[in-house]
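Since the structure comes first, as structure tokens, the remarks are kept for the end.
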Amino acid sequence: MEHRPTTEASETARETERRKRGRPVSVPSDERREMIIEAAESIFLEVGFAAANMDDIARRAGMSKRTVYELFGNKQALFDELLDLRRAGLPTSLDDTDAPDEELIDYLTKLTQHIMAPKQIALQRVVFAEHMRDPERSQNLFNEAEKRGRGILSRWMARQIAGGRIAVADPDQAADMLFGMTVGTIHFKKLLLGREEHLSADEIRQRIARAVAIFLKGAAA
């Protein structure tokens with residue numbers, strides 16, 4: 001029987017190769033966060049916030065539960081970061097110009113297109129369901145949405161009042177009224193009733209333009 005000597009170097013090389021084959025591919029932290037957030041979003045949309053758990057999120061992301069906790073801490077923090085990312089498309093400012101009607105129309109059109117997107121509606125339903133289950137804990141979610149949406153419109157109203165360009169008593173109330181005139185009804189129907197008016201982008205802008213014209217005429221100083 002022929003004896004085949006095995007050198008220490010060749011054994012080491014084979015062991016190194018075996019370890020490489022069994023070692024998971026390293027994924028950058030940012031990419032892992034994105035994978036976990038996408039997995040979490042799909043589960044939140046399927047079962048809601050309360051029924052979702054970190055084990056299922058980790059499995060769907062192809063990560064260990066330990067990794068998920070290391071990156072996000074807990075389920076609430078993960079959900080909050082998901083909402084922050086999905087709010088990134090919201091318009092963030094409303095400027096003061098010599099054409100306030102066009103500024104309002106542009107702002108409200110962008111806001112409407114963002115909040116009426118199918119995935120946004122689905123996430124809003126998750127937030128609404130969580131609010132019904134635990135109003136106190138979910139209040140911060142509504143506060144953040146208000147700050148980024150109606151808050152911008154309300155502050156714009158306050159500046160127009162201070163500049164003598166419009167005459168309304170309460171900027172918050174005026175912001176609510178204008179939002180209701182432009183998108184409130186169709187948003188309510190789609191969010192809570194599942195009914196959708198099939199409006200094109202041009203039809204949405206035209207609807208908003210008519211409402212803005214009515215509002216500014218009635219609020220003129």
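What follows is calculated from the coordinates using simple rules that are stated; it is not laboratory data. What you are looking at is a predicted structure, and each value in this text was computed from that prediction instead of being measured. Cβ coordinates were reconstructed from backbone atoms using ideal geometry, including for glycine residues, and neighbour counts include every protein chain displayed.
Annotation: the residues Leu104, Leu191, sorted from fewest to most other C-beta atoms within 10 Å of their own C-beta, follow the order Leu191, Leu104. When Asp96, Asp202 are arranged by Cβ crowding within 10 Å, least crowded first, meaning fewest neighbours, the order is Asp202, Asp96. Which entries of Lys119/Lys189; Lys110/Lys189; Lys110/Lys217; Lys190/Lys217; Lys75/Lys189 have Cα-Cα distances beyond 27 Å here? Exceeds cut-off: Lys190/Lys217; Lys75/Lys189. Can you classify segment 90-218 as rounded, prolate or oblate using the Cα gyration tensor, where a ≥ b ≥ c are the square roots of its eigenvalues, rounded means a/c under 1.5, and otherwise it's prolate if a/b beats b/c and oblate if not? Judged from the Cα gyration tensor, segment 90-218 comes out oblate (a/c at least 1.5, b/c at or above a/b).
Can you put Phe79, Phe128 in order of Cβ neighbours within 10 angstrom, beginning with the fewest?
Numbers: Phe79 23, Phe128 15.
Sorted ascending by nearby Cβ count, the order is Phe128, Phe79.
The length gained on full extension between Lys217 and Ala88, counted as 0.36 nm times the residue separation minus their Cα-Cα distance, comes to 43.2 nm.
Need the full-extension length gain, Arg210 to Asp172, defined as separation in residues times 0.36 nm minus the C-alpha distance. One decimal, nm. Walk me through the numbers on the way to the answer.
Values: separation 38, 0.36 × 38 = 13.68 nm, distance 2.09 nm.
Separation in residues times 0.36 nm, less the Cα-Cα distance, equals 11.6 nm.
What the Cβ-Cβ distance of Ala201 and Ala99 gives, at R0 = 25 Å and to the nearest 0.05, is a FRET efficiency of 0.75. Here Asn74 and Ala117 are evaluated by their C-beta separation; at R0 = 35 Å the FRET efficiency comes out at 0.80.
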